[in-house]
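Following: one structure in structure tokens, then a few remarks.
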Amino acid sequence: MKINKKIIKFVLMVFFFVIVLGTFKALAEPADGATIPVPKINVDITSPETPEQYVDNIKILILMTVLTLLPSIIIMTTSFTRIIIVLSLLKNAMGAQQAIPKQVLIGLALFLTFFIMSPTFTKVNDEAVQPYLNNEITQEEAIKIGEKPIKKFMLDQTLVKDIEMFVELGHYEDTVIRTVEDGITKVDYSGVPIQALIPAFMISELKTAFQIGFLLFLPFLIIDIVTGSVLMSMGMMMVPPVMVSLPFKILLFVLVDGWHLLVKSLILSFS
């Protein structure tokens, strides 16, 4: 008589759980018969008694929501976008997808972002965060003051046509100040709301990153073309050109001190 394997597995699992539960019960019982004090967990939810408590609860809810969106805010309002795209394009241009882990590129991009944004973050902390923590200004004033350095950084890196597009589409013309001095029209975009400035900044960063990536692709593309032509002329059509060109790409990148030049160029591009 054949016994089904599923029945055998079920019986063994039941036997295993019985042993484990018995062991836990034995460990839970004290040796002298005394009871073990178990801490009581009590979650008490009380209704706010004053309007100020309602406002404080709403502020806490908004703060928790902002914390969940913090990674996206860092990506959209800092130099992280340009840096990570350029590093990713470099990785693809070299053909070293496995040699350079994604975690390394993200870590390098994060620390370069902290280095580039440190003057802006320091200004926000000195002018907005610390006065707010010392009860010198209100929360609304801290947000307005802390927004100015970040907006200035984004405005310095955003193309004028991108800002004009979102200003026109969002009907924010009244926030733009235009003055004429000596026949030259000067435009002040500092009053443009943040919801129009962030997408304009993102588009400009994508364009700039792609321009830098195109320049990075050129030398590695030449190596690929030369390698493919040499292999074709030698009749080695079955040999993948990438396998032969990769060592030469790495050698070229190391000889010109590529990481030093690339990181320096990225930092100076934000100055």
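The values are calculated or read from the model by the stated rules, or taken from the named source; none is laboratory data. Not measured: the values here are computed from a predicted model. For neighbour counting, all protein chains shown are included, and Cβ atoms are generated from backbone atoms with ideal geometry for every residue, glycine included.
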Conditions: (1) surrounded by 11 or more Cβ atoms within 10 Å (Cβ to Cβ); (2) free of Cβ contacts under 8 Å to residues at least 12 places away in the same chain. Ala196 meets all but one. Number of the miss? (2)
Only one residue in Leu246, Leu221 is touching a residue at least 60 places away in the same chain (Cβ under 8 Å), loosely packed, with under 14 Cβ neighbours inside 10 Å and over 20 Å from the mean Cα position of the chain (by Cα), so which one is that? Leu221
Is there a residue being at pLDDT below 85, at positive phi and either of a type outside the set (A, V, I, L, M) or assigned to a loop (DSSP other than H, G, I, E, B) (or both) anywhere in the stretch 176-187? yes
Gln130: passes all of (1) under 30 Å from Ile267 (Cβ atoms); (2) exposed (fewer than 13 other Cβ atoms within 10 Å of the Cβ); (3) not hydroxyl-bearing (Ser, Thr, Tyr) but (2)
Of the residues in the stretch 195-246, those that are more than 25 Å from Tyr172 (Cα to Cα) and among the charged types (D, E, K, R) come to Asp224
Kindly evaluate Leu169 against the criterion of being at pLDDT 90 or above and out of contact with any strand residue (DSSP E or B) (no Cβ under 7 Å at 6 or more places or on another chain). yes
Return yes or no: is Glu147 acidic (Asp, Glu) and either more than 29 Å from the chain's Cα centre (by Cα) or modelled with pLDDT under 85 (or both)? no
Of the residues in the stretch 132-146, those that are part of a helix (DSSP H, G or I) and under 18 Å from Lys59 (Cα atoms) come to Tyr132, Leu133, Gln139, Glu140, Glu141, Ala142, Ile143, Lys144, Gly146
List the residue pairs whose Cβ atoms are under 7 Å apart, where the first residue sits in the stretch 164-182 and is without any contact (Cβ under 8 Å) to a residue 12 or more places away in the chain and more than 9 Å from Ala196 (Cβ to Cβ), the second is surrounded by 11 or more Cβ atoms within 10 Å (Cβ to Cβ) and among the aliphatic types (A, V, I, L, M), and the two are 6 or more positions apart or on different chains. Glu173/Val167; Arg178/Val187
Among the listed residues Ile194, Ile163, which satisfies the condition of being over 25 Å from Val86 (Cα atoms) and within 25 Å of the chain's Cα centre (by Cα)? Ile194
Report those helices (runs of 4 or more DSSP H) wholly inside the stretch 1-118 carrying at least 2 residues which are at pLDDT below 75. 5-28, 51-68
Could you grab me the full set of residues in the stretch 156-201 that are within 16 Å of Ile73 (Cα to Cα) and touching a helix residue (DSSP H, G or I) at 6+ places or on another chain (Cβ under 7 Å)? Pro193, Ile194, Ala196, Leu197, Ile198, Pro199, Ala200, Phe201
From the set of residues in the stretch 73-109 that are among the basic types (Lys, Arg) and crowded, with 16+ Cβ neighbours inside 10 Å, which is farthest from Leu197 (Cα to Cα)? Lys91
Of all residues being among the polar types (S, T, N, Q) and surrounded by 12 or more Cβ atoms within 10 Å (Cβ to Cβ) in the stretch 166-191, which is farthest from Ile84 (Cα to Cα)? Just the residue, please. Thr175
